[in-house]
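Have a look at the structure below before the remarks.
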Amino acid sequence: MTSPSYRVIAFSGSLRKSSVNTALVLLAQRISPPELSIELVDWVDQLPWMNPDLEVDPPEAVVRWWQTLRDADALLVGMPEYNASPTALAKNALDWATRPPGDRAITGTVVAFMSAAGRSGGANAQTNISRVLGYLGAVMVDEPPVQLTAVGDRIDADGHTDDPAIIEAVAAKLAAVVDALRLRDAAPD
């Protein structure tokens, strides 16, 4: 049996109890390839609102978030879209990930989004935040996109589905994460 080579942390940008985006994260955790160990971070809602004043003496939740990111190889986010933007929860967690200046927790981390949202499938939210995170040092895995529409009746809250299109989309994203991690690790320093 092969032990996982890469540690992936994952969270959902939704607070909804039966969120489809949370379901995508749980599905990814269940079908992840052997190279990945996916750990659900279900406490990002405990992060205070991003405020640079808090960086002087960061709250414990912020320090924990930074350390969790630094200890991980990759970050996987179930990214809902509200009003063509990331949710406040997702944006806040990702804003904290880009801190502190000069020593950003997200730098060098492989980041991938999966969305089940509205008519765009979350494309607007993903494009918006992907551009920012890439600029700030994250290694973005934008392809293949997971931007699903109207899947709420095809995946349950625990991430169980027998819809091959959903399974294949998530599996392809996870394979791309493995490829990005290998490429990042093979790059000369």
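What follows draws every value from the coordinates through simple rules; no lab data is involved. It should be emphasised that the depicted structure is a prediction, and the values quoted were computed from it without experimental measurement. Backbone-built Cβ (ideal geometry, glycine too); neighbour counts: all protein chains shown.
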- Which entry in (i) 16.5, 53; (ii) 15.7, 49; (iii) 23.2, 71 matches Rg and Dmax of the Cα atoms in Å derived from the coordinates of this structure? (ii)
- Item | Extreme residue, positive dipole direction of the chain, given options A176, V62, M79 (C-beta unit charges) | M79
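Rounded to the nearest 20 debye, what is the charge dipole size of the chain about its Cα centre when +1 sits on each Lys and Arg Cβ and -1 on each Asp and Glu Cβ?
Working: 15 positive and 24 negative charges, 53 e Å.
Roughly 260 debye, rounded to the nearest 20.
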- Message: Distance between the C-alpha centers of segment 23-40 and segment 123-144? Whole Å please.
- Response: 20
- Message: Can you compute the label reach from V56? Point 7 Å from Cα along the Cβ direction, backbone N cut-off under 20 Å, restricted to segment 93-117.
- Response: 96, 99-103
- Item | Distance (nanometres) between label positions extended 7 Å along Cα→Cβ at W43 and A187 | 3.1
